[in-house]
Amino acid sequence: MKKIIAKKNVDLLRRASVQRELGLPPLKSNMSPFRYPGGKGKLSKFLAAFLIENDLHGTVFVEPFCGGAGGSLPLLEAGLISHLVLNDYNKAVAKFWELIKASPDTLINKIEKEKVDIERWKYWRAIYEDDAHPIDINKAFSAFFLNRTNRSGVLHAGPIGGKDQSGNYKIDCRFTKKSLIARIEKIALLADKITVKSQDAAQIITESPQSAFIYADPPYVKEGKGIYRQFAFEEEQHRQLSCVLKDEARYWLLSYDDDKLVHDLYSCSDINVVELSYVMNTAKLGRELLIASSWLTMPTLDQLKCSKSVVHDVKPLDHVV
Ligand SMILES: C[S@@+](CC[C@H](N)C(=O)[O-])C[C@H]1O[C@@H](n2cnc3c(N)ncnc32)[C@H](O)[C@@H]1O
């Protein structure tokens, strides 16, 4: 029978007693300057438990679909992994990561001086949508600005509060300069342990050293188009990704939305269901799956049960193959 891990058990990882039990180092939350729908900041404790369970402490950690890299940065900061490869096909996003490494002060100055209003939103949106614009600091900043000022952090969505700013929340409510600068400064300190790339995920996976750990968080099957537009996947790309991952004897963990296609593609792997709720367009709540290569082990429920305070009435999900 497949192991089932429920969201409430993953949530238990927030407890200091459970973290101690599993030998997790202290992990920071919210290290990413980006907001991503379905961002994986909440997953870092689970990722830590997963690495420890599989003796992958000190590994090179590859994120072929990094987005805001919410799950992996705390692992690097805590010294649980030795190096982090951040890759995103969106060149503006990848450029922002590069600049955090190469010239954080320039970015910080830009954030400090930036006026966050609808005029500036229009200015940055024009740059972001101009395909002929070079991939430079302005292109990178346009992605960052839109990510912090658009609804749900969706790069092609409208601004928080609407174009007439009549909503309850205003355009600058997520552009919290002080905390964003602090995050950039923290990541910049780790610069020599971060490599940034902007290639197709499949290429990054195939080129990664065999001993590296790959955490793949591809665009969702169901809502991908609505969130990532040109960076969403067609069915064929989901199929190709599964071939690349299953083809080689690598260490990988994959997070996906709970869709039949995903079950079809990975039914031969050790499918493990983790109910992680994610919120899109404020109301929709979905469930996510975590799938690991079959020679890796999910941190078991039994381990969590060791802690006295743990709840363990988890029901198997019928449709899981
Ligand atoms: C689900 S998001 C990742 C979110 C991330 N885990 C986080 O915590 O913020 C998927 C990311 O994959 C990127 N992407 C889409 N197609 C890609 C491809 N073919 N290769 C690499 N990255 C791609 C998108 O630009 C997007 O940033």
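The values are calculated or read from the model by the stated rules, or taken from the named source; none is laboratory data. Note that the structure is a prediction, hence the values are computed from the model and not measured. A quick note on method: Cβ atoms are made from the backbone with ideal geometry, for glycine too, and the neighbour counts reach across all protein chains shown.
For the reader, a short list of remarks on this structure follows.
- Residue match in the stretch 139-151 (condition: surrounded by fewer than 17 Cβ atoms within 10 Å (Cβ to Cβ), under 21 Å from the mean Cα position of the chain (by Cα) and closer than 30 Å to Ala49 by Cα): no
- Looking only at the stretch 123-137, residues that are touching a Lys or Arg at 6+ places or on another chain (Cβ under 9 Å) and not hydrophobic (A, V, I, L, M, F, W, C) come to 4 in all.
- In the stretch 157-165 there is no residue that is under 23 Å from Leu99 (Cβ atoms) and either buried (at least 20 other Cβ atoms within 10 Å of the Cβ) or among the charged types (D, E, K, R) (or both).
- Qualifying residue in the stretch 239-254 (condition: within 12 Å of the ligand (Cβ to nearest atom), within 16 Å of the chain's Cα centre (by Cα) and under 28 Å from Asn150 (Cβ atoms)): yes
- Some residue of the stretch 170-189 being at positive phi, of a type outside the set (Ser, Thr, Tyr) and without any contact (Cβ under 8 Å) to a residue 24 or more places away in the chain: no
- Looking at Tyr128, Tyr123, just one residue is within 16 Å of the ligand (Cβ to nearest atom) and assigned by TED's automatic domain parsing to the domain that holds Tyr169, and that residue is Tyr128.
- For the stretch 198-236, a tally of residues being part of a helix (DSSP H, G or I) and either within 8 Å of the ligand (Cβ to nearest atom) or free of Cβ contacts under 8 Å to residues at least 24 places away in the same chain (or both) returns 12.
- Selected residue (criterion: farthest from Leu241 (Cα to Cα)) from residues of the stretch 46-87 that are more than 15 Å from the ligand (Cβ to nearest atom) and assigned to a strand (DSSP E or B): His83
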